[in-house]
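Derivation of every value follows stated rules applied to the coordinates shown; laboratory data play no part. Just so it is clear, the structure is predicted and the values come from calculations on it, not from any experiment. As a convention, Cβ positions derive from the backbone with ideal geometry for all residues, glycine included, and neighbour counts pool all protein chains shown.
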Protein chains: 2
Amino acid sequence: MKARVHVMLKDGVLDPQGEAVRHALGSLGFEGVAGVRQGKVIELDLAEGTTEDTVREMCERLLANTVIESYSVDLG
Amino acid sequence: MKARVHVMLKDGVLDPQGEAVRHALGSLGFEGVAGVRQGKVIELDLAEGTTEDTVREMCERLLANTVIESYSVDLG
């Protein structure tokens, strides 16, 4: 089974990568880009029957720094 | 309006970050993790009426290296 985890910086945490992308898009002539946030997506190929709780534990222990990052889990 | 772009390494392109995560999950005692791929997710806050074609152009010109990366666009 597959699981997809999104890890994003929490609101209020400065995102210099996203800011750099926003600036670069403006330089390329794309107008109206009010904000950009960049995060990670992690696709996991897991044993059948792995629960969402297990994936959340992976996030808490390894995949996300929960001090500054939030995560979401999609199974399927 | 919001758009979300996923950028992943293409199949067959070595993903050392994903491999490191897979190994680390095993070291932490998570079993059955057959594979991990890590990519980027970029959330864009765009002017109303921005088309998917415009976002795809952003991907082609800046957000993805289409030689080794594939991307997908979700508007909404």
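Nearest the rotation axis from A to B, which residue of chain A has its beta carbon, and at what whole-angstrom distance?
So the chain A residue sitting closest to the axis is A:VAL41, 2.
As a footprinting exposure proxy, order A:LEU62, B:LEU28 by other Cβ within 10 Å, with the fewest listed first.
By the 10 Å Cβ count, ascending, the order reads B:LEU28, A:LEU62.
For label points placed 7 Å from Cα toward Cβ, what is the shortest-first list of nm distances from A:VAL67 to its copies?
3.8
Note the full-extension length gain between B:LEU75 and B:ASP11 as 0.36 nm times their separation in residues minus their Cα-Cα distance, in nm to one decimal.
20.6 nm
Tell me the angle of helix A:16-27 to the major Cα principal axis of chain A, expressed in degrees between 0 and 90 and rounded to the nearest ten.
Orientation of helix A:16-27: about 40 degrees from the principal axis.
Based solely on its DSSP helices, what 222 nm [θ] is calculated for chain B when runs of n ≥ 4 H residues each add -39,500 (n - 2.57) and the sum is averaged over all residues, nearest 500 deg cm²/dmol?
After summing the helix terms and dividing by residue count, I get -7000 deg cm²/dmol.
Sort shortest first the distances from A:ARG56 to its counterpart in every other copy, using label points 7 Å along the Cα-to-beta-carbon line, and give them in nm.
Reported distances to equivalent positions: 3.8 nm.
Counting other C-beta atoms within 10 Å, which of A:ILE68, A:ILE42 has the fewest, and how do the rest follow?
In increasing order of surrounding Cβ atoms, one gets A:ILE68, A:ILE42.
To one decimal in nm, how far is A:ALA24 from the same spot in the other copies, if labels go 7 Å from Cα toward Cβ? Please give the shortest first.
2.3
Length gain on complete extension for the stretch A:MET1 to A:ARG56, per 0.36 nm per residue less the alpha carbon to alpha carbon distance?
The A:MET1-A:ARG56 span can extend by a further 18.3 nm.
Express the relative contact order of chain A as a whole percentage, based on alpha carbon pairs under 8 Å and six or more residues apart in sequence.
Here the relative contact order equals 54 percent.
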